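Just below is one structure, and these are the notes that go with it.
Rule-based calculations on the coordinates, nothing more; no lab input. Source: prediction; values computed, not measured. Please note: Cβ atoms are built from the backbone with ideal geometry, for glycine as well, and neighbour counts cover all protein chains shown.
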Ligand SMILES: *Cc1c(COP(=O)(O)O)cnc(C)c1O
């Protein structure tokens, strides 16, 4: 049995008709940028996130960068980022000229905790970007409390956590602003690139919208220096179709994860841990194994595709990044030991069982 790491077949077969009808409508309407699909998607996605405003943009990296710019975070400022995130979180901080202060995450949940953050504060610290890594929200109450005490902004990197919850509150409503990506493989994925910022702050929302549209609030009048980062009509329209199914697709992901959690039993493998107050959306099912590369090869032999999220920690990358950090043992352990198992909408029980069996057979 061949089991890819991820595939769209089942979802796309199911949505085919609706997606094609949506595309036809946009094609015939002839408006491709800043039209009614984007306005409707922004409205619907803000509501989904239980927040007031959503601004579509070109991708998740831009969503982070535009938010930092909107908050006037820049040259010489410091932003706290978990050490084990995808590179985009650090690149956004870099893009505005700020210093990325890397902090090791909680070794159990792999997300940022507020414990020990004191140590990383300076008088230049302006914001914290907790990342809801793999689909689990970070320890938001403690992080928000810490931020409030120290006058910092909190930007959720929710690129992996559409629909995830913390104490019953949904991601996108847990900080001052949240950045989402709609990269095709994310829990809500476009058929290309896309991103969005969600916030409850009207002034910030308007500023971010202007920066992403050439710094313009009114056509040909440019009060801010901006960029071109917009979510186009085709992607917005197709995302509207997919958004209708996200509860169902997230529930399916949870079903697969629960099967893995209940039936994978192997002393060589550390299963992911979910905090009681978190509703995980399982963007990634991450196991740790000290002999990770052997496990990957073993699964490959059984026809099972896996991915490593991420093989090289940010502070070990060759790219010239403006970083500050102490020792980062947790990030290094995750980079050395992490392996993500197949998990996608439409996986059959036979496929799920085959993954479980193969993982359990690893010696
Ligand atoms: C995917 C991702 C991003 C970047 O999103 P793009 O749309 O690919 O630019 C940022 N942060 C995290 C944690 C991600 O997983």
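Some notes on this structure:
- Working ranking of peptides 83-95, 103-115 by packing, defined as the average number of other Cβ atoms within 10 Å per residue, highest first, is 83-95, 103-115.
- Between the range 223-249 and the range 1-51, the Cα center-to-center distance that results, in Å: 8 Å
- Gained length - residue 52 relative to residue 320, 0.36 nm times residue gap less alpha-carbon distance: 92.8 nm
- Here is how the number arises for the chain: DSSP H runs of 4 or more residues each give -39500 (n - 2.57), the sum is divided by the residue count, and the result at 222 nm is -11500 deg cm²/dmol.
- Put the Cα centre of the range 323-345 next to the Cα centre of the range 284-305 and the gap is 14 Å.
- Packing rank of 138-146, 193-201, where each peptide gets the mean count of other beta carbons within 10 Å, highest leading: 193-201, 138-146
- Comparing 40, 52, 13 in a Gaussian network model of the chain where C-alpha atoms under 10 Å apart are linked, the largest mean-square fluctuation is found at 13.
- Two-site FRET efficiency, residue 148 against residue 254, from Cβ-Cβ distance with R₀ of 22 Å, rounded to 0.05: 0.10
- The Cα-based radius of gyration of the range 1-148, divided by its Kirkwood radius, gives an Rg/Rh of 1.06.
- Fluctuation leader among 262, 164, 190 - the chain, Gaussian network, Cα springs under 10 angstrom: 262
- Percent antiparallel among DSSP beta bridges (both partners in the chain, rounded to 5): 60 percent
- For a paramagnetic label modelled on residue 274 (point 7 Å from Cα along Cα→Cβ), amide N atoms under 15 Å away belong, within the range 234-253, to 247-253.
- Cα centroid of the range 164-204 to Cα centroid of the range 65-113, whole Å: 16 Å
- If R0 is taken as 41 Å, the Cβ-Cβ distance between residue 118 and residue 185 corresponds to a FRET efficiency of 0.70.
- Among 308, 129, 33, residue whose mean-square fluctuation peaks in a GNM of the chain (springs only between Cα atoms under 10 Å): 33
- The calculated FRET efficiency for residue 245 paired with residue 294, based on their beta-carbon distance and R0 = 45 Å, is about 0.75.
- For the chain, the Kirkwood estimate of the hydrodynamic radius, built from every pair of different alpha carbons, is 21.0 Å.
- Here the peptides 348-355, 21-28 are ranked by packing, the mean other Cβ count within 10 Å, and the order with the highest first is 348-355, 21-28.
- Normalised convex hull volume, the range 34-114, alpha-carbon set, Å³ per residue: 123 Å³
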